[in-house]
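First comes the structure, then the notes that go with it.
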Amino acid sequence: MRYILPLCLAFLSGLFSTPAIQAQNYTAKSYKLTIEGGSTMHDWSSSATNVTVQSDITITNGVVEKINAATVNVATKSIKSHKNSGLMDSRTHETLKADKHPNITYVFTKVNSIQKSGTESTITVAGNLTIGGTSKPTELVLKVKTLPTGEIEIKGSKKILMSTYGINPPVFMLGALKVSDEVKLDFSVILQHK
């Protein structure tokens, strides 16, 4: 009987000294996805208004330790010009082949590197970005932070060439206005536990 109490205390001590590791499913609570580019006349920008994120993330002691799986889905026709231009929107949707390929997707494949600093991490991931039916390996650098609420904030940006995905940059006004091939994607998302 005298050995039971020390054994229980030893067990509890080991239990509480083990790092709290949790793999959990997360979905987007809020998001912002902006696409910016240039042209022969002026810069332009659009935002996506229909984005879904599904992810499986491991957290250890309140810090993102590992991304196990993630998929981002953007409804192509939800991309709208900041100038509320119906012509710009229809040209964008046509250029991105929205009728035939209604979604732009990013499917995570692996983590290339993780650098941690307190509750924040810089995570470089590999995945496949599919635009207009063409899929290409695409690396993203993510700034990841665990919030006091337990939610996860992810931010990043990526420059891509539309031609890499078989997209011909649109031309307006009989060729007087040509959109640049390079566009920049800026994104931020708050993930909540599913």
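The values are calculated or read from the model by the stated rules, or taken from the named source; none is laboratory data. Since we're looking at a predicted model, the values are computed, not measured. Cβ atoms come from the backbone with ideal geometry, glycine included; neighbour counts cover every protein chain shown.
A few points about this structure:
- For segment 43-89, the set of residues classified as closer than 20 Å to residue 134 by Cα and out of contact with any strand residue (DSSP E or B) (no Cβ under 7 Å at 6 or more places or on another chain) consists of 77 only.
- In segment 97-107, the condition of being among the aromatic types (Phe, Trp, Tyr) and modelled with pLDDT of 90 or more is met by at least one residue.
- Test result for residue 96, touching a Gly at 6+ places or on another chain (Cβ under 9 Å), closer than 17 Å to residue 154 by Cβ and of a type in the set (A, V, I, L, M, F, W, C): no
- Of all residues in segment 80-91, those being part of a loop (DSSP other than H, G, I, E, B) and either on the phi > 0 side of the Ramachandran plot or among the hydroxyl-bearing types (Ser, Thr, Tyr) (or both) number 2.
- Qualifying positions in segment 67-122 - of a type in the set (Gly, Ala, Ser) and within 18 Å of residue 136 (Cβ to Cβ): 70
- Subset of segment 47-79 [more than 19 Å from residue 109 (Cα to Cα), modelled with pLDDT under 95 and in a strand (DSSP E or B)]: 60, 63
- When we screen 39, 85 for residues that are free of Cβ contacts under 8 Å to residues at least 24 places away in the same chain, closer than 24 Å to residue 169 by Cβ and surrounded by 13 or more Cβ atoms within 10 Å (Cβ to Cβ), the only hit is 85.
- The lone exception for residue 100 - which of (1) more than 20 Å from the chain's Cα centre (by Cα); (2) in contact (Cβ under 8 Å) with a residue 12 or more places away in the chain; (3) within 20 Å of residue 192 (Cβ to Cβ) it fails: (3)
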